[in-house]
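The values are calculated or read from the model by the stated rules, or taken from the named source; none is laboratory data. Here the structure is a predicted model, which means the values were calculated and not measured. Here the Cβ positions follow ideal geometry from the backbone for every residue, glycine too, while neighbour counts run over all protein chains shown.
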Amino acid sequence: MTDVAAQTWHYGLVARWWAEFNLDGPEIDFFRPYVEAGQPALDAACGTGRLLVPYLHAGLDVDGSDISADMLALARERAVREGFAPPNLYAQAMHELDLPRRYRTIFVCGAFGLGSTRAQDEEALRRFRAHLEPGGTLLVDIEVPYADARQWPLWTKAGREALPQEPQAPEQGDPASDGAEYGLRSRYLGFDPLGQRVSLEMTARRWRDGTLEAEETHRLDIGIYFANELRLMLEQAGFDDVVVHGDHVEAPPTPDDDFVVLVARTSTG
């Protein structure tokens, strides 16, 4: 389980793009009340601080962890730039989580299954439970497998015949705060419907004054989960009460939702 290194493509140019352009989203408001009601909290796979820094602005007690040291460095840089002391940030994969603190709330936003094996994901859920105080809450969101119109056809044999997709160069994007322009482009390399895994490749480029000055390519394998499947995994990991919400709203999920959020609690005993 732990002899296979978890992956991420959130390094270097990709991490910088995330820090510059991935700053908002409905998840910030959805997770906030849970954090307000249960502190301290851990933002597992916090990335460049998309949720963590707004929660610092709200006066909340939140730590962060992420497998990418590059992402954490950018999160720390943003927090300090916006007037905060450096937050507690830990460079750890979710399935290797071993922190000096226990939490009332742990949340994983947009990251469960990224670069990890199924066994590692199962271990991550057990680690989360071990890091929660009695009566603590874990929140995990996932994009439902049928939400991505590009990916869903790959579940069929005919759809997979076109893999791997041909590489395409990223286009220049909007200027970033450092004066450069960044572009990302991903392609599907492979898809395993039986193992519920997809392999992608991300190419990132940076231009300055119209001249291409840097390029990086990274691969990421992603585990795919359905809502009921993840609910069972949470129960097997020792969570007693699991509720499923739809699309980052306080409502039951529907077949039209692109995301679901599973809210799991530990026993108070």
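For segment 75-113, enumerate the residues that are of a type in the set (A, V, I, L, M), buried (at least 20 other Cβ atoms within 10 Å of the Cβ) and farther than 19 Å from Ala237 by Cα. Passing the criteria: Ala75, Ala79, Leu89.
For segment 62-79, the criterion of a residue being of a type in the set (Asp, Glu) and either assigned to a loop (DSSP other than H, G, I, E, B) or not assigned by TED's automatic domain parsing to the domain that holds Gly25 (or both) is satisfied by no position.
Please work out which residue is nearest to Glu27 (Cα to Cα), limiting yourself to segment 104-121 and to residues that are of a type outside the set (A, V, I, L, M, F, W, C) and within 16 Å of the chain's Cα centre (by Cα).
Of all residues in segment 104-121, those of a type outside the set (A, V, I, L, M, F, W, C) come to 104-105, 110, 113, 115-118, 120-121.
Checking which are within 16 Å of the chain's Cα centre (by Cα) leaves us with 110, 113, 115-118, 120-121.
Numbers: Gly110: 9, Gly113: 18, Gly115: 21, Ser116: 22, Thr117: 25, Arg118: 25, Gln120: 24, Asp121: 21 Å.
The residue in question is Gly110.
Taking every residue in segment 92-114 that is in a loop (DSSP other than H, G, I, E, B) and pairing it with any residue that is surrounded by fewer than 16 Cβ atoms within 10 Å (Cβ to Cβ), at least 6 positions away or on another chain, the pairs with Cβ-Cβ distances below 6 Å are Arg102/Glu133. Restricting to segment 9-38, name every residue that is out of contact with any strand residue (DSSP E or B) (no Cβ under 6 Å at 6 or more places or on another chain) and part of a loop (DSSP other than H, G, I, E, B). Residues satisfying the conditions are His10, Tyr11, Asn22, Leu23, Asp24, Gly25, Pro26. How about segment 150-202: which of its residues are touching a helix residue (DSSP H, G or I) at 6+ places or on another chain (Cβ under 9 Å), surrounded by 15 or more Cβ atoms within 10 Å (Cβ to Cβ) and more than 24 Å from Arg118 (Cβ to Cβ)? Hits for segment 150-202 are Gly173, Ala176, Ala180, Tyr182, Gly183, Leu184. Among residues of segment 135-149 being more than 16 Å from Ile222 (Cα to Cα) and surrounded by fewer than 18 Cβ atoms within 10 Å (Cβ to Cβ), the one that is modelled with the highest pLDDT is Gly135.
Residues considered: Arg102, Arg78. Of these, the only one that is in contact with a helix residue (DSSP H, G or I) (Cβ under 7 Å, 6 or more places away or on another chain), closer than 27 Å to Ala180 by Cα and charged (D, E, K, R) is Arg78. Listed conditions (1) hydroxyl-bearing (Ser, Thr, Tyr); (2) crowded, with 18+ Cβ neighbours inside 10 Å; (3) free of Cβ contacts under 8 Å to residues at least 24 places away in the same chain are all met by Tyr225, apart from (3).
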